[in-house]
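The values are calculated or read from the model by the stated rules, or taken from the named source; none is laboratory data. Predicted model only: the values in this text are computed from it and were never measured. Note that we place each Cβ from the backbone using ideal geometry, even for glycine, and neighbour counts take in every protein chain shown. For accessibility, only protein heavy atoms count, side chains too; no ligands or nucleic acids. Shrake-Rupley method; radii C 1.70, N 1.55, O 1.52, S 1.80 Å.
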Amino acid sequence: MRHRDYRCWWLGQCVSLVGSAMQSAALAWLVYSTTGSAALLGTLAVFRLGPLLLLALPAGVLIDRWPKRRVLIATQTSFMLQAMVLSWLAFGGRASYQAILLVSLLSGITQAFDAPCRRSFLVDLVGRDDLLNAVSLNSAVSSMAAIAGPALAGAAMAKLGGGWCFLINAVTHTVVVFALLAVSTEGKASEVRVAR
């Protein structure tokens, strides 16, 4: 926590990861409540996680060549826009299964770039000496979000409806984008070595 840039990033993650967990819970509820099908709910998971499985390695290679902070601003903005689309669909009663699958596929593709970038950005924020502590703090936030997010989503869905979970997630991604804008560390872009 003695690194200012890491503090900004970590606080943004505290908010954003809770919002993402809320959205995941609300999305599963929305699909199951509208379709009543466990198979379609499983297909949703394939659309959300399949791109991460297939694209994370090639995305990681590309990310090493770009400034990481800029990549993260782009991915977090993409997540924010996807959450806004989901909230618009849910509030307007337009949340068809096909539309949800399309947004989930886009989310999975975005996640394939975001996940390796977030992990590699840590070393640029804190250096190698404090990396273990930074990873531990990030793991603690992820665990907390996995517990708090679905609980908050359940309360929000019961009182307000599922669309609010998506809107709240859009706001949380706005918070992390502002946190990234406050970070001065760009994240080193590796030089591309060409074999001769």
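Data for the structure
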| item | result |
| --- | --- |
| Residue selected from the stretch 129-143 under the condition open to solvent by 50 Å² or more (accessible area, probe 1.4 Å) and in contact (Cβ under 8 Å) with a residue 24 or more places away in the chain, by the criterion farthest from D5 (Cα to Cα) | S142 |
| Residues of the stretch 44-66 satisfying the condition of being crowded, with 17+ Cβ neighbours inside 10 Å and farther than 16 Å from R119 by Cβ | L44, F47, R48, P51 |
| Check on S33, of a type in the set (S, T, N, Q) and open to solvent by 40 Å² or more (accessible area, probe 1.4 Å) | yes |
| Residue match in the stretch 4-23 (condition: polar (S, T, N, Q), open to solvent by less than 20 Å² (accessible area, probe 1.4 Å) and closer than 29 Å to D130 by Cβ) | yes |
| Enumeration of residues in the stretch 103-128 that are open to solvent by 60 Å² or more (accessible area, probe 1.4 Å) and at pLDDT below 90 | R119, R128 |
| Selection count, the stretch 53-85, where residues are modelled with pLDDT of 95 or more and closer than 30 Å to S33 by Cβ | 11 |
| Failed item, numbered, when M84 is tested on (1) over 16 Å from the mean Cα position of the chain (by Cα); (2) part of a helix (DSSP H, G or I) | (1) |
| Residue list for the stretch 105-116, filter: free of Cβ contacts under 8 Å to residues at least 60 places away in the same chain and not aromatic (F, W, Y) | L105, L106, S107, I109, T110, D114 |
| Number of positions in the stretch 89-102 that are open to solvent by 60 Å² or more (accessible area, probe 1.4 Å) and within 19 Å of the chain's Cα centre (by Cα) | 1 |
| Residue check for M84: in contact (Cβ under 8 Å) with a residue 40 or more places away in the chain, surrounded by 15 or more Cβ atoms within 10 Å (Cβ to Cβ) and either of a type outside the set (A, V, I, L, M, F, W, C) or in contact with a Cys (Cβ under 9 Å, 6 or more places away or on another chain) (or both) | no |
